[in-house]
Amino acid sequence: MPDILYGRNPVREALRAGRRLRRLLVAPGLDGDVRVAEIVDLSAAHGVEVEEADRNRLADIAHTEHHQGVVAYFDSRQLPGMEYLRRLIREPQPGWPPLILGLDGLQDPQNLGALARAAESLGVDALVLPKHRTAPASAAAIKASAGALEHIPLVRVVNLAQTLQELKELNVMVVGLDQEAQLRCDQADLNQPVALVVGSEGEGLRQLTRRRCDLLVSIPMGGRVDSLNAAIAGSIVLYEVARQRGFGFSPR
């Protein structure tokens, strides 16, 4: 089954990332939009002609009115497994220890998209998506990420706890985000191979996941609100990792 993506940034970034395009539908009246012009040019390079479709038809296909006049059919991404992570750890970027982001029950596609957008800009080498209890990289999540999910290697695993244990055995430090932790993220040494794990929006990390963590870290907080949205919290810790490392990553 093909993936149906919608929105100007998601479709453009999927094309830029090299996803194979099958079909492109665009609403009339968008000739002056720079992003749409780039999408049309990229689709031509794939040998795909643009089809004109009214906005109601696009909404029916995308199952949302937030399609921005662009809907496209792509080949589905084939997600690698643990072997990809092993290779990443064996062959890291020069001067940039592997940085892996794992999700433990993050179910809101908007949060997934927002966190992926930060991850892509802060040097995350792979995003681990458990098969169960975690939002998939759906069209809604890709839209929320402004297309950033198309540029992050996604790794699908069945058992997150087992994956974290394997990463530990490969000398990757597993760091769990927990607002109750005594150790602040800026007090931890994150300039080494790290797998950061972000839990669900309401419950945080599961107990089994906690037991696999080498460290639990929190974010120093002020004000009257004592917790942060999962995506914002994860983004802050990713920024702290990049800060400690001197932002030494290279674009993939």
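We did not get these values from a lab; they are worked out from the coordinates using the rules stated. Only a predicted model underlies this, so the values are computations on that prediction, with no experimental measurement involved. Heads up, the Cβs are rebuilt from the backbone with ideal geometry, glycines too, and the neighbour counts pull from every protein chain shown.
The figures follow:
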{"quantity": "Net dipole in debye of the chain [+1 Lys, Arg Cβ; -1 Asp, Glu Cβ; about Cα centre; nearest 20]", "calculated": "520"}
{"quantity": "Between helix 109-121 and the chain: long-axis angle, C-alpha atoms, 0 to 90°, nearest 10", "calculated": "80"}
{"quantity": "GluC sites (Glu not before Pro) restricted to DSSP loop in region 1-53 with at most 14 other C-beta within 10 Å", "calculated": "49"}
{"quantity": "For region 3-74: Kirkwood Rh in Å [reciprocal of mean 1/r, alpha carbons]", "calculated": "11.7"}
{"quantity": "Relative contact order (%) - criterion: Cα under 8 Å, at least six apart; region: the chain", "calculated": "21"}
{"quantity": "Structure-derived volume of the Cα convex hull per residue in Å³: which label, when the choices are (1) 107; (2) 197; (3) 143", "calculated": "(3)"}
{"quantity": "Segment residue 75-residue 169, length gained on full extension (0.36 nm per residue, minus Cα span)", "calculated": "30.4 nm"}
{"quantity": "Theoretical gain in end-to-end length, residue 83 to residue 52 [0.36 nm per residue, Cα-Cα removed]", "calculated": "6.9 nm"}
{"quantity": "Cα centroid separation, region 188-237 to region 66-109 (Å)", "calculated": "19"}
{"quantity": "Region 104-252: translational diffusion in µm²/s, Stokes-Einstein, Kirkwood Rh over Cα pairs, 37 °C, 0.692 mPa s", "calculated": "213"}
{"quantity": "Total charge dipole magnitude, region 102-175, about the Cα centre, Cβ charges on Lys, Arg, Asp, Glu only, Debye to nearest 20", "calculated": "200"}
{"quantity": "Beta bridges by DSSP in the chain, antiparallel share as percent, to the nearest 5", "calculated": "30"}
{"quantity": "Whole-percent pair-distance distribution, where bins are 10 Å wide, for the alpha carbons of region 1-126", "calculated": "11, 34, 31, 18, 5, 0"}
{"quantity": "Förster radius 30 Å - calculated FRET efficiency between residue 191 and residue 138 (Cβ-Cβ, nearest 0.05)", "calculated": "0.35"}
{"quantity": "Within a Gaussian network of the chain (alpha carbon springs, distance under 10 Å), most fluctuating of 110, 207, 165", "calculated": "207"}
